[in-house]
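Derivation of every value follows stated rules applied to the coordinates shown; laboratory data play no part. It should be emphasised that the depicted structure is a prediction, and the values quoted were computed from it without experimental measurement. Note that each Cβ is placed from the backbone with ideal geometry, even for glycine, and that neighbours are counted across all protein chains shown.
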Amino acid sequence: MVATFCAFALFPLAIVSARGFGGLVIAFIIGGLREIGEPARKAMIVDFAKPQLRARSVGLYYLLRSLAITPAAAIGGLLWRVAPQTPFIIAGVFGVAGTFLFTITVREKGIAD
């Protein structure tokens, strides 16, 4: 799970550091690695819900996530005016911070103590 969050954090940083087509190919390979953890992320959401509420829980999660990221396009546009790489760097910083926070606060089931 942590590996997929690392891919989320590194993707915008890989884009902004790409210096040519080869760099962009590597960046989008990193971007594709984000999807490896999709089933695990959904399983974490579903795991917290009562069996009869699981479908609603996933729907509610995606609704709240969509509402939370809706302002991102406008904010990214404003940050782009500062410098085109600014939204990517800030996204990477938030990604690294979020990955760190997840790592120190969430214990995955099945891992021996």
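Observations
- Relative contact order, percent, the chain [alpha-carbon distance under 8 Å, six or more residues apart]: 39
- Computed from Cα atoms, the angle from the helix 38-47 axis to the main principal axis of the chain rounds to 40 degrees.
- C-alpha long axis of helix 54-69 to longest principal axis of the chain, angle in °: 20
- Interatomic Cα distance distribution for region 2-105, bins of 10 angstrom, percent: 14, 34, 36, 13, 3, 0
- Computed from backbone phi with θ = phi - 60° and the Karplus coefficients 6.51, -1.76 and 1.60, the 3J(HN,Hα) list for region 27-37 is 4, 7, 5, 4, x, x, 5, 4, 6, 4, x Hz; x is used for glycine and proline.
- The residue among Leu78, Ile15, Leu64 whose Cα reaches farthest toward the positive pole of the charge dipole of the chain, with charges on the beta-carbon of Lys, Arg, Asp and Glu, is Leu64.
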